[in-house]
């Protein structure tokens, strides 16, 4: 990711490339879709379902809570109750190895079901 000048863009672009291969013509991925006064990072339409993803770099201890609040607002605006928060760890794997870096957690936040994926 060090090759990207805008650090958040690199992680998002790699995730989009992976997801595009997964849906492979059977759906659609929208970046920065307008939702009220904000914009979702990724909105995926696939097999008649809509998935909202908020992407965050894990810069400090507030990143997770900020991301949860942000995706909850987007879900409220869209009238949805399920979303995904993807947190990208910015510390190198020499400090936080992949074996402990990747985590999945399903939580309830502001009456929304949110899956948090940390990597």
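The values are calculated or read from the model by the stated rules, or taken from the named source; none is laboratory data. Computed from a predicted structure; not experimentally measured. When we count neighbours, we look across all protein chains shown, and the Cβ atoms used for this are built from the backbone with ideal geometry, even at glycine.
For residue 106, are the conditions met, namely being without any contact (Cβ under 8 Å) to a residue 12 or more places away in the chain, surrounded by fewer than 17 Cβ atoms within 10 Å (Cβ to Cβ) and not in a strand (DSSP E or B)?
The answer is no for residue 106.
Of (1) out of contact with any helix residue (DSSP H, G or I) (no Cβ under 6 Å at 6 or more places or on another chain); (2) more than 20 Å from residue 13 (Cα to Cα); (3) modelled with pLDDT under 90, residue 26 satisfies all except one. Which?
(2)
In the list 34, 9, which residue meets the criterion of being at pLDDT below 75 and assigned to a strand (DSSP E or B)?
34
If residue 50 passes every condition in (1) under 20 Å from residue 119 (Cα atoms); (2) modelled with pLDDT of 90 or more but one, which one does it miss?
(1)
Restricting to the range 77-100, and then to whatever is in a helix (DSSP H, G or I) and either in contact (Cβ under 8 Å) with a residue 24 or more places away in the chain or in contact with a helix residue (DSSP H, G or I) (Cβ under 8 Å, 6 or more places away or on another chain) (or both), can you tell me which residue is farthest from residue 43 (Cα to Cα)?
77
Can we say residue 41 is exposed (fewer than 13 other Cβ atoms within 10 Å of the Cβ), within 21 Å of residue 118 (Cβ to Cβ) and either touching a strand residue (DSSP E or B) at 6+ places or on another chain (Cβ under 7 Å) or at pLDDT 90 or above (or both)?
Taking the combined requirement at face value, the residue does not satisfy it.
To keep it simple, each residue is scored yes or no on (1) modelled with pLDDT of 90 or more; (2) surrounded by fewer than 18 Cβ atoms within 10 Å (Cβ to Cβ); (3) over 17 Å from residue 15 (Cα atoms).
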residue	(1), (2), (3)
55	yes, no, no
61	no, yes, yes
66	yes, yes, yes
94	no, yes, yes
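Can you tell me which residue within the range 72-85, out of those that are within 23 Å of residue 10 (Cα to Cα) and at pLDDT 95 or above, is surrounded by the fewest Cβ atoms within 10 Å (Cβ to Cβ)?
84
Give the number of residues within the range 44-63 that are in contact with a strand residue (DSSP E or B) (Cβ under 6 Å, 6 or more places away or on another chain) and in a helix (DSSP H, G or I). Give the derivation first.
Within the range 44-63, the subset in contact with a strand residue (DSSP E or B) (Cβ under 6 Å, 6 or more places away or on another chain) is 44-46, 51-58, 63.
Now drop any that are not in a helix (DSSP H, G or I), which leaves 63.
Residues meeting the conditions: 1.
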